[in-house]
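**Student:** For reference, the structure I am asking about is given below.
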Amino acid sequence: TVDNRQDFKVADLSLAEFGRKEITLAEHEMPGLMAIRKEYADAQPLAGARITGSLHMTVQTAVLIETLVALGARVRWASCNIFSTQDHAAAAIAVGPNGTPDNPQGVPVFAWKGETLEEYWWCTEQALTWPDSPTGGPNMILDDGGDATLLVHKGVEYEKDGKAPSPDTAESDEHRVILELLNRTLSENPQKWTQLSSEIRGVTEETTTGVHRLYEMQRDGTLLFPAINVNDAVTKSKFDNKYGCRHSLVDGINRATDTLIGGKTAVVCGYGDVGKGCAESLRGQGARVIVTEIDPICALQAAMDGYQVTTLDEVVDKADIFVTTTGNKDIIMASDMAKMKHQAIVGNIGHFDNEIDMAGLAKVPGIVKDEIKPQVHTWTFPDGKKIIVLSEGRLLNLGNATGHPSFVMSNSFADQTLAQIELFTKPDEYPTGVYVLPKHLDEKVARLHLDALGVKLTTLRQDQADYIGVKVEGPYKPDHYRY
Ligand SMILES: NC(=O)c1ccc[n+]([C@@H]2O[C@H](COP(=O)([O-])OP(=O)(O)OC[C@H]3O[C@@H](n4cnc5c(N)ncnc54)[C@H](O)[C@@H]3O)[C@@H](O)[C@H]2O)c1
Ligand SMILES: Nc1ncnc2c1ncn2CC[C@H](O)C(=O)O
């Protein structure tokens, strides 16, 4: 008998047709991903792959998912953020290109916009739990921020100890949810995660913060399987992090507040790849942009790009808009927000929600939180001064808007797909550790995006190639080159 348990959970299946229409439009704007889908369709390199994805369930991610399936993979998916799912994209993925809302034929997806923390981690567990797999789990992970990788590693660690720490020992609400989940699975099946992880060939990690977690595990010797750091593919971080945020930061601020940015003073905390895109985004709207930095090199870059570089304390009571982009924690504290101008706008575009001190803000005596609309709140201090906080301190480009546009995600997701193929088909070349995509694949992804922008490349002559010490066909730069 067919198991009628619907192996997915989305907000509203009836949105599938709308989602499918936007997926079709996105495919045209994702030439790199579609070219890879075409190039590898016959070879089916991901046949046998059971990929668990934990990455924002957007229209662009839907195109990535259907590319992985087209290359032979089976996929189970969750989002990597409680606010970033586009419900019509999730519905289209659950229904599939050949299904209907009454007869869904798509990919098991567990994601909806506005999940609670309990629901978020339940979705992650569902995406990792493969009912018909010999191990009960995936043999590949595609991660963004490392939450799926974390759940597997903590599960295995606690099963080895025979117990998980009590949720009473949790350092945060989210940590408590994770400990409750792992205490439950330990009591249900004390070998779940050990078995579930036993065939995982590797993880491909999308973002800076997730990559940081991987290098920490490599350093501590706790990494269970190899990882490809997709973030540091040049065609990912020098494009998505920079040009993607350049597009989607102001999209988020505009949809959230409709506040005129021109003429205002904006503070961008952090001047890395994301900060550079954000500063340019706000300057493009006519804001006077001030940068904060800890790194003298990035600070010097900001100064030479024409930005004032100073400390938050110097400008916290003067600026109109604040954006954190650091990947660090405790950047804007409740005490900082108490000093801000009336109706200052505060948002984060870093991966996690610990850059803005939301917990401290909630504890300010007499503070009043009021929802203006989903993912837009005012917080009124006892003196009547209020600030506007976007997406509760979570990444605002996906919480208040739809994230980066398709063309730039085509680069990132072409890198992801090539990384999945690398790890899945060449396990012997990747013993446990953290790797970056080989440069020839990075250049391949760039090549796949040139025609769409009308780029005409110059061809290197052999004598020129000899002169600069490269092959005519590339790679054109040494590994240490910084772009
Ligand atoms: N929202 C999105 O769509 C999106 C896209 C890409 C990356 N990200 C996330 O954005 C964050 C930043 O990514 P990135 O690639 O720019 O990282 P990065 O390391 O290139 O840049 C971060 C910068 O912040 C600076 N910084 C660190 N602590 C600071 C502090 N206390 N004050 C001021 N500056 C500080 C660092 O010196 C660095 O220059 C990460 O969490 C990443 O995962 C989000
Ligand atoms: N449109 C998007 N779809 C999926 N993920 C998205 C989108 N825009 C930004 N992101 C976040 C992923 C990004 O590569 C990161 O590094 O965080």
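Only the coordinates and a few stated rules stand behind these numbers; no lab work does. All values derive from a computational prediction rather than experimental measurement. Here Cβ is always computed from backbone atoms with ideal geometry, including for glycine, and neighbour counts include all displayed protein chains.
**Student:** Tell me which residues, restricted to segment 440-483, are surrounded by 10 or more Cβ atoms within 10 Å (Cβ to Cβ) and small (G, A, S). Walk me through how you get there before you give the answer.
**Tutor:** Residues of segment 440-483 that are surrounded by 10 or more Cβ atoms within 10 Å (Cβ to Cβ), as a first pass: 440-452, 455, 460-461, 464-467, 470-477, 481.
Of everything in segment 440-483, those that are surrounded by 10 or more Cβ atoms within 10 Å (Cβ to Cβ) and small (G, A, S) turn out to be A446, A452, A465, G474.
**Student:** Also: Test of understanding: among V470, V364, which residue is within 30 Å of K318 (Cβ to Cβ) and more than 16 Å from ligand 2 (Cβ to nearest atom)? Full working, then the answer.
**Tutor:** Values: V470 fails: within 30 Å of K318 (Cβ to Cβ).
None of the others qualify; the one that does is V364.
**Student:** Same structure again: Determine, yes or no, whether G53 is away from ligand 1 (no atom under 16 Å from the Cβ) and assigned to a loop (DSSP other than H, G, I, E, B). Reasoning before the result, please.
**Tutor:** Numbers: away from ligand 1 (no atom under 16 Å from the Cβ): yes; assigned to a loop (DSSP other than H, G, I, E, B): no.
Here the answer is no, as G53 does not meet what is asked.
**Student:** Filter segment 399-439 down to residues that are in a loop (DSSP other than H, G, I, E, B) and away from ligand 1 (no atom under 13 Å from the Cβ) and give me whichever is surrounded by the most Cβ atoms within 10 Å (Cβ to Cβ).
**Tutor:** L437
**Student:** Please count how many residues of segment 183-239 are basic (K, R), outside any loop (DSSP other than H, G, I, E, B) and closer than 25 Å to N411 by Cα.
**Tutor:** Total satisfying the criteria: 3.
**Student:** When segment 328-372 is examined, which residues are found to be among the aliphatic types (A, V, I, L, M), touching a residue at least 60 places away in the same chain (Cβ under 8 Å) and buried (at least 20 other Cβ atoms within 10 Å of the Cβ)?
**Tutor:** I331, I332, I345, I349
**Student:** So L260 passes all but one of these: (1) of a type in the set (A, V, I, L, M); (2) surrounded by fewer than 19 Cβ atoms within 10 Å (Cβ to Cβ); (3) within 28 Å of T124 (Cα to Cα). Which condition number does it fail?
**Tutor:** L260 satisfies every listed condition except (3).
**Student:** Looking at (1) within 15 Å of ligand 1 (Cβ to nearest atom); (2) surrounded by fewer than 24 Cβ atoms within 10 Å (Cβ to Cβ); (3) over 24 Å from V315 (Cβ atoms), which is the only condition V230 fails?
**Tutor:** (2)
**Student:** Pick out the one residue from S79, S54, S14 that is touching a Gly at 6+ places or on another chain (Cβ under 8 Å) and among the hydroxyl-bearing types (S, T, Y).
**Tutor:** Exactly one residue qualifies, and that residue is S54.
**Student:** Looking only at segment 372-382, which residues are of a type outside the set (A, V, I, L, M, F, W, C) and within 14 Å of A344 (Cβ to Cβ)?
**Tutor:** Listed by number, the residues that qualify are H377, T378, T380.
**Student:** If the requirement is being among the small types (G, A, S), farther than 15 Å from I51 by Cα and outside any strand (DSSP E or B), which of these qualifies: A164, A148?
**Tutor:** Answer to the check: A164.
**Student:** Just the residues that are surrounded by 13 or more Cβ atoms within 10 Å (Cβ to Cβ) and not in a strand (DSSP E or B), please, taken from segment 373-387.
**Tutor:** Hits for segment 373-387 are P374, Q375, F381, K385.
**Student:** Identify, from the list H212, H175, the residue that is away from ligand 1 (no atom under 16 Å from the Cβ), under 17 Å from F352 (Cβ atoms) and either surrounded by fewer than 22 Cβ atoms within 10 Å (Cβ to Cβ) or of a type in the set (S, T, Y) (or both).
**Tutor:** Residue meeting the stated conditions: H175.
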